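First comes the structure, then the notes that go with it.
Read-outs: derived from the displayed coordinates by stated rules, not from any lab. Predicted model, so just to flag it, every value in this text is computed and none were measured. Here Cβ is always computed from backbone atoms with ideal geometry, including for glycine, and neighbour counts include all displayed protein chains.
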Amino acid sequence: MTWVYSVSPKTLQGGRTKVLYPNSRGGVQEQQPTRAELGRSLSRPQKVCLCPFLPVHPLKVSTCLYIIQHPAEESRVLRTVPLLAACLPPDKCKILVGRRFNEDRYPELATVCRNPNTLILYPGAEATNLEEVAVMSSSPSVMIIIDGTWSQAKDIFYKNSLFRLPKQVQLKPSISSQYVIRTQPTNTCLSTLECAAVALSIMEKNKSIQEIILHPLQALCSFQLQHGAQIHHSKEHLLKNGLYDKPMPKNKRKLRRMELLVNNVKI
């Protein structure tokens, strides 16, 4: 079963999100609390509340995001999608949770995927740099972003034919992740929130969007580090510097991926 959900106040401190059933037309239902409602309902201690780091009003953007979230992400305490959704209007950030999406059950999503203005952010040999697409685009776009680990995202992308319909785009590896409380595969891998922040700033031609969306993530990481969390270097960094302290995998495919990381080969 695949669910559609929206942000609830408890989401920002790791609580359960508010789950909504898909409507009869396969549509997406949204119900996003205001910043004031978030502030009244947060159960985090006041000194680590994230509300002051959210924009006072949702950002005005023309690009609509569809976040395709792997179900395993729902149970993660320090996930970034709820922070992203809290920065945007409900109709500009729609979140679908599941592994499999077909046209019969999700006609609205199928229509979106067939829209010529829809992009899917997923790196690869067939992907075009987003900057090149943004230069040629003049009409409002829809962008699909898959939220999950790299293996989960790969599974969703390749096992759902709908996601092969939109134009595939990728970001240039120009910045390092600020999501330092979770281990990334490589030095240039970004969290879902960071990908969305960079992508929106490019599509909207407004660099301040990136700064505004990253603000609550920076605060979250800062709070966690102040209360005992450790900085997580990427797996690539750990392997290259002899700091990787976990047993090496016996699976030949996984072992080969680690060798590629050490040798600076793009995977």
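Grab the other residues whose beta carbon is less than 12 angstrom from that of S161, score K and R as +1, D and E as -1, and report the net.
On the way: positive: R100, R114, K159, R164; negative: E103.
Combined, the nearby Lys, Arg, Asp and Glu give +3.
From the phi of every residue in the stretch 152-166, what ³J(HN,Hα) in whole Hz does the Karplus formula 6.51 cos²θ - 1.76 cosθ + 1.60 yield, where θ is phi - 60° and glycine or proline is x?
Whole-Hz 3J(HN,Hα) from phi for the stretch 152-166: 5, 5, 4, 4, 5, 5, 7, 9, 10, 4, 4, 7, 8, 7, x.
In nm, to one decimal, how far is the S151 label point from the E211 one, both placed 7 Å along Cα→Cβ?
The answer from the label model is 4.0 nm.
Can you give the alpha-carbon Rg of the stretch 51-232 over 2.2 N^0.38 Å, where N counts its residues? Before the final figure, lay out each step's value.
Working: Rg = 15.8 Å, N = 182, 2.2 N^0.38 = 15.9 Å.
For the stretch 51-232, the normalised Cα radius of gyration comes out at 0.99.
Work the Kirkwood hydrodynamic radius out for the stretch 75-178: mean of 1/r over every pair of different alpha-carbon atoms, inverted, in Å.
Taking every pair of different Cα atoms in the stretch 75-178, averaging 1/r and inverting gives 15.0 Å.
What residues have an amide H closer than 5 Å to that of N129, excluding those fewer than 5 places away on the same chain, when H is modeled at 1.01 Å from N in the peptide plane?
Those lying under 5 Å, H to H, from N129 are Q170.
Residues with beta-carbon under 12 Å from that of N115, excluding N115: net charge, scoring Lys, Arg +1 and Asp, Glu -1?
Details: positive: R114, K167; negative: E108.
So the environment of N115 carries a net charge of +1.
Output wanted: per-residue J couplings in Hz (rounded whole) for the stretch 82-92, from phi through Karplus 6.51 cos²θ - 1.76 cosθ + 1.60, θ = phi - 60°, x for Gly and Pro.
These are the phi-based 3J(HN,Hα) values: x, 5, 4, 4, 6, 8, 10, x, x, 7, 10 Hz.
Figure the gain on full extension for S176 and K159 (residue separation times 0.36 nm, minus the Cα-Cα span) and round it to one decimal in nm.
That works out to 3.2 nm of additional length.
Take the cross-link list K92/K205; K94/K172; K60/K94; K47/K94; K47/K92 and give me the ones stretching past 20 Å between alpha-carbons. Show your work: numbers first, answer last.
Details: K92/K205 17 Å; K94/K172 25 Å; K60/K94 15 Å; K47/K94 30 Å; K47/K92 30 Å.
Those over the limit are K94/K172; K47/K94; K47/K92.
If you place +1 on the Cβ of every Lys and Arg and -1 on the Cβ of every Asp and Glu, how big does the dipole about the Cα centre of the stretch 51-232 come out, in debye to the nearest 20?
Details: 17 positive and 14 negative charges, 26 e Å.
In total the dipole reaches around 120 debye.
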